[in-house]
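Scroll down for the structure; my scribbles are underneath it.
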Amino acid sequence: MKIDTNALTRAQVAEMIGMSDSWVRDRMQAGDLPRPGVEANAYVEALVDYKLAQAASDPSVGAPGDLEYERTRLTAAQADAKEMANAVTRGELLPVGAFITALTAGVVDIRKRFLSQPSGLSQELLGITDRREMNERLTEDVHERLEALSEANFDAIMEAAFGGLVDGGIGGEASAETDAEPME
């Protein structure tokens, strides 16, 4: 079922919640559902409120196994799934596997930066005999590497990890510049 979630017609609402057009019309006229033109989640919320009120007034309605109850539960589940799919499309939500891939790429980048520390410092530290001076130089190098990591463009890491899955990055626009090297 392909439904535009921006502004639904009465027929789209009826299709979405699995009820007849006349039932939806009656509920709209009674004020139980919003008039046509609002987003899908507003209809789902109104339908759930209506069903809860109906169940509170009639104990035989709304029990698991009841057709109305199951329709309401299915409608809510479908709306949740659609909202999650839209959030993934907008780059606001990542599938667990994609998140693990990004996290792994970030950890690999951090590991690579710190594993290069001994080769980068070994020649410089050879001439230092004072233990405190060597400790200060190592501490300074670690701080420099941490500073570089804090300035790294993790959107570029995400792009390398996902190959374009995240449009505009997580939480902001992707930058054209990057301090991080793409992961292989």
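Yes or no: A7 modelled with pLDDT under 85, farther than 27 Å from P95 by Cβ and either out of contact with any Phe, Trp or Tyr (no Cβ under 6 Å at 6 or more places or on another chain) or surrounded by fewer than 17 Cβ atoms within 10 Å (Cβ to Cβ) (or both)? Yes: the conditions hold for A7. Scanning the stretch 107-141 for residues that are over 43 Å from the mean Cα position of the chain (by Cα) and among the hydrophobic types (A, V, I, L, M, F, W, C) yields L125, L126, I128, M134.
Per-residue answers, yes or no, for (1) free of Cβ contacts under 8 Å to residues at least 12 places away in the same chain; (2) surrounded by 15 or more Cβ atoms within 10 Å (Cβ to Cβ); (3) in contact with an Asp or Glu (Cβ under 6 Å, 6 or more places away or on another chain):
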residue: A14; (1), (2), (3): yes, yes, yes
residue: I17; (1), (2), (3): no, yes, no
residue: D21; (1), (2), (3): yes, no, no
residue: V24; (1), (2), (3): no, yes, no
residue: S57; (1), (2), (3): yes, no, no
residue: T72; (1), (2), (3): no, yes, no
residue: A81; (1), (2), (3): yes, no, no
residue: R90; (1), (2), (3): no, no, no
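When the stretch 94-104 is filtered for residues that are in contact with a helix residue (DSSP H, G or I) (Cβ under 6 Å, 6 or more places away or on another chain) and modelled with pLDDT of 80 or more, only T101 remains.
Within the stretch 105-120, the set of residues being of a type in the set (D, E, K, R) and either in contact with a helix residue (DSSP H, G or I) (Cβ under 8 Å, 6 or more places away or on another chain) or within 30 Å of N41 (Cα to Cα) (or both) comprises D109, R113. Scanning the stretch 119-134 for residues that are surrounded by 10 or more Cβ atoms within 10 Å (Cβ to Cβ) and not small (G, A, S), which turns out nearest to E147 (Cα to Cα)? Looking at the filtered set, the residue picked out is L121. Inspection of the stretch 80-88 finds a residue satisfying the criterion of being out of contact with any His (no Cβ under 9 Å at 6 or more places or on another chain), among the basic types (K, R), modelled with pLDDT of 85 or more and in the same structural domain as N41 (by TED's automatic domain parsing).
The values are calculated or read from the model by the stated rules, or taken from the named source; none is laboratory data. Fair warning: this is a prediction, and the values are worked out from it, not measured in the lab. FYI the Cβ positions are ideal-geometry reconstructions off the backbone, even for glycines, and counts take in every protein chain you see.
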